Each structure stands twice: as structure tokens, then as C-alpha cells.
Amino acid sequence: MRVSAAVLETPGEPFTLRDVELHKPRPDEVLVRVTAVGVCGTDLEFATFFGTPAVLGHEGAGVVEEVGDRVTTVAPGDHVAMTFNSCGGCRPCLSGSPAYCLSFDAVNFTGRRPDGSSAVSLDGTEINAHFLGQSSFASHVVAPARAVVPIGKETDLAVAGPFGCGFQTGAGGVLNVLRPAPGSSLAIFGAGAVGVAALLAGVLSGCSTIAVVDVNPARLDTARTLGATHLVTGGATGAEELRSIAPDGFDHAIDTTGRADVLRTAVETLAPLGTCGVIGVGPSEEMSFDWRSVLNGRTITGIIAGGAMPQVFLPELLKLHAAGRFPVDGLITRFPFERINEAAEAARRGTVGKAVLTFD
Ligand SMILES: [Zn+2]
Ligand SMILES: [Zn+2]
């Protein structure tokens, strides 16, 4: 079928709206009509180097239109959020940790199915798609059933989209991995959508001190309204301020920036035995620490997609959202799909909390 997609034709250049051919779902795949898709920092990062032409986008939500013969988890008409793909058969997948699938890169970041094929063709040639199980910068997507999570029809699909990546990543990092005790302290570096989700998870966990660090005053204002107890303007004085907030150090820290200098501060701000979750995809290739700063029992742990089993975690998080306890709606700025480049620019500049493209 002919569908509309935002095609990255050259790395680092704007997306181009093109009609592409979407092939039929295979037996273990699902055809989803996308109604909304969030713009995530990972899309923007990959857009600078990914093999082109390609369709990116990985915070899609929509309505199932068709399912392959072997799909039993969703049916046409179901509302779904899409999330990352995993193989389902390796040891981490079978242990309930698909975010650490041994084939994670192969099934999410090659632009192809494992057999080298693609569900998307442009001008008669298959192009890179299947990005994080979907490539949902498009009106329709063929996704593996494993990457599709059924959700209730009461959920606004424009809000549901970012649950598949950004909100799951931030909230899961805290709720599934750090698991802060009530009354403990948490420092969050970066107050974009992922950082705010981590903040809300800190509030849900009963953290008594939640310091949020960012260079953007508007983001800090948002963090204040959502439960941050301390706001720190990032930069040279940030570490000092954090020390004054928690003189013995923070029990937990979360880095959403992927920047080596910020990560170093995040680790140094920990109390002995404290844990820093590294969840951001950013510009730095390496991180470095004074060895004494990790010798006193501190832990640095990488976390992918909130360490979540999406089929279990997303419905739980959406229940909290429905109950008003995970209030992310105010973060979202909607853009018509055609204005994807404007939305990407706003996301890059941090002038919006979470840009979501809509198709209606
Ligand atoms: Zn993402
Ligand atoms: Zn696997």
C-alpha cells in the first residue's frame, strides 16, 4: 500500500515527505495506522549518521489495521503503543529483560529485518526502516508483534506514543532499576521528557529530595510544578549547589544527557554506595572518572528503555497516568505530521517538552 512517510534522504538534512510503498505484514507482524508519534532525541541523534534513505521514528501509537497469521496478542481495531524490538529467544529476553536482548542492535538499528529485507520501498527499492521496531515517522507501520503493546481506548494516543520510549525510559530507570527507598534522595540531570518521567517516578517512589539539573530555565519551571524539591542550573556551579543540597551525597542519580562532563558530576554527586543510572543517548563517546570517585561503593549502571518488559510496564504506567499520578500531558506539544522538521528543530532546541506529530 502507498503510505506517507518522512524520509531522511541525507544524514543531517531535514526530512522529506514522500509517498512510499509499505509491504504487507509477515505472519509475526502487525500493520498499524499511526495516529501520533513522538520525536525523541535518539531520532535526532541517528538522523545525523544513519544509512539513508531511511524512515526513523520510534514513539508511535495508533490503531491496528491488519495482523499476520501467527499474531495473537492484538487484533484489528486495537489501540496500541509501539516500542523497541527484541528477539524473544535469547537469555536476556527469556529472563524478562528484552531491553538487553543480545540482538538488540541487530533488530532495532540496522534499518532491516534480520533477513536483510525491509517493509518499506521508495521508488521501487527497499530502504532502511524498522527503526526501533517501527519507523513510525509514517502514516502506517509494519511492526513485529513483540514491539506492539495494546492499550486502553481511553488513552489519548498522542500522549501514549512517547510512553514507548521517552516516558518508559525515564520512569523505568527509577522504578525498575534504581528503586529508591521512600525518603531517599535523587538527582536528575536533564529535564527533557526522559528526565521529567524520572522525576515523576521519584515522586511516586516517595523520594524526599529530588534535585533536577538543567541549563534551560523553562524546563526547570516545569520540573518545579511536577514535584522537584530543588532546581539547579547546570554549569560550573551545579556541582557545588548539589553538594549544599545533599552534603553527604545523593542516594541515586540519573543522567539523561549522555554528556561526559555531566556524567562525571552525576557520579561525583553520589553518596557512598549510591547508584547512578546512565540512560541518555548523547554526544560523548566515552565517560571518565577519577577512580577514587567510584571506589567507595558507588555503582554506575547503564539502563536501556527503563529496563522494562514493555507489555507489563507500559500498561502499569498508563494506569498511573489515567489516575493522574503520572501527569505528562502538559509536556506535549502537538505538530501536524507535515511539520516534522519544525517539530524536530523545537525538540533539538529544547523549546518543547515533548514534540508529538499527529495525523488528524
Ligand atoms: Zn527514544
Ligand atoms: Zn533477545
Enter the Cα centre distance for the pair the range 295-360 and the range 1-69, rounded to the nearest angstrom. 18
How do 309-317, 124-132 rank on mean C-beta neighbours within 10 Å, highest first? 124-132, 309-317
Which one of 71, 194, 212 has the biggest mean-square fluctuation once the chain is modelled by GNM with Cα springs under 10 Å? 71
The base-10 log of I(q)/I(0) that the Debye equation returns for the chain at q = 0.08, 0.12, 0.13 Å⁻¹, one scatterer per C-alpha, is -0.37, -0.82, -0.96
Select from 313, 231, 351 the residue farthest towards the positive end of the dipole of the chain; place +1 on Cβ of Lys and Arg, -1 on Cβ of Asp and Glu, and compute about the Cα centre. 313
Could you work out the per residue convex hull volume over the alpha carbons of the range 124-231, in cubic angstrom? 147
Helix-only CD estimate at 222 nm, as mean residue ellipticity for the chain, using -39500 (n - 2.57) per DSSP H run (n ≥ 4): -6500 deg cm²/dmol
For an R0 of 51 angstrom, estimate the FRET efficiency from the Cβ-Cβ distance between residue 23 and residue 216 and round to the nearest 0.05. 0.75
Exposure rule at most 11 other beta-carbon atoms within 10 Å, DSSP loop trypsin sites (Lys or Arg not before Pro): the chain longest free segment: 154-360
The chain: relative contact order from alpha carbon pairs under 8 Å, six or more residues apart, as a whole percent, is 17
Could you state the angle between the C-alpha long axis of helix 340-349 and the longest principal axis of the C-alpha atoms of the chain, as a value from 0 to 90 degrees rounded to the nearest 10? 10
At 1.306 mPa s and 10 °C, Stokes D of the range 172-305 from Kirkwood alpha-carbon radius, µm² per second: 112
So what is the diffusion coefficient of the range 198-243 in µm² per second by Stokes-Einstein at 37 °C and 0.692 mPa s, using a Kirkwood Rh over Cα pairs? 306
Taking the range 252-360 on its own, what percent of its Cα-Cα pair distances exceed 23 Å? 50
Lys and Arg at +1, Asp and Glu at -1: neighbours of residue 27 with Cβ under 14 Å from its Cβ sum to 0
Please give the FRET efficiency for residue 236 paired with residue 295, using the beta carbon to beta carbon distance and R0 = 30 Å, rounded to the nearest 0.05. 0.75
In vacuum, with every alpha carbon of the range 1-128 counted as one equal point scatterer, what does the Debye formula give for log10 I(q)/I(0) at q = 0.10 Å⁻¹? Two decimals, please. -0.34
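We did not get these values from a lab; they are worked out from the coordinates using the rules stated. Treat the numbers as computed from the prediction; the structure is a model and nothing was measured. When we count neighbours, we look across all protein chains shown, and the Cβ atoms used for this are built from the backbone with ideal geometry, even at glycine.
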